[in-house]
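Contents: one structure, followed by commentary.
Please treat every number below as a calculation from the coordinates, not as lab data. In this text the structure is predicted, and so the values were computed from the model without any measurement.
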Amino acid sequence: MYSPRAIDKMTKSEALHLWHKVNLGSVLDAQADLTSRQTALLMCVYLEEGPHTVRSLALRLHVTKAVITRALNTLSGYGFIARGVDLRDKRSVLIKRTGIGSRYLSEFADRMRQEARLLTHMPTTPRVA
């Protein structure tokens with residue numbers, strides 16, 4: 001998945017710089033302004049095997065179902081997830097991926113890759129202007 005050599009060569013400062021550039025780029029491009037918890041929840045839905053329910057996501061993130069519900073309200077407002085009825089248990093709500101959410105994460109991944117490429121071409125010592 002990741003090149004261990006590349007990760008081992010990345011300094012803490014470079015890792016933080018990468019995260020900063022990716023998040024700053026999202027804010028400047030007027031992307032959805034998600035909290036860390038909302039982002040983690042979105043990643044769980046898209047990157048981990050489902051089915052996903054409010055209960056399973058609450059257990060996964062070690063928070064209450066109310067916290068998950070509030071985060072899902074925001075994510076569904078952006079169109080990143082959709083709620084559906086579990087046909088096996090009508091009391092349970094399934095959390096589903098959407099095309100809009102897939103595009104958002106794809107663009108975020110592209111931004112990460114681009115910033116990582118730029119990071120590898122940066123000088124190792126800061127320049128003074």
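From the list [x] 34, 15, 13; [y] 56, 23, 14; [z] 22, 17, 13, can you say which value of semi-axes √(5λ) of the Cα gyration tensor in Å was derived from the structure given?
[x]
Under 10 Å, Cα contacts only: if you run a Gaussian network model on the chain, which one of I100, I81, I68 comes out with the highest mean-square fluctuation?
Top of the fluctuation ranking is I100.
Taking the 0 to 90 degree range and rounding to the nearest ten, how far is the long axis of helix 65-77 tilted relative to the main principal axis of the chain, both from C-alpha atoms?
Its long axis makes an angle of about 70 degrees.
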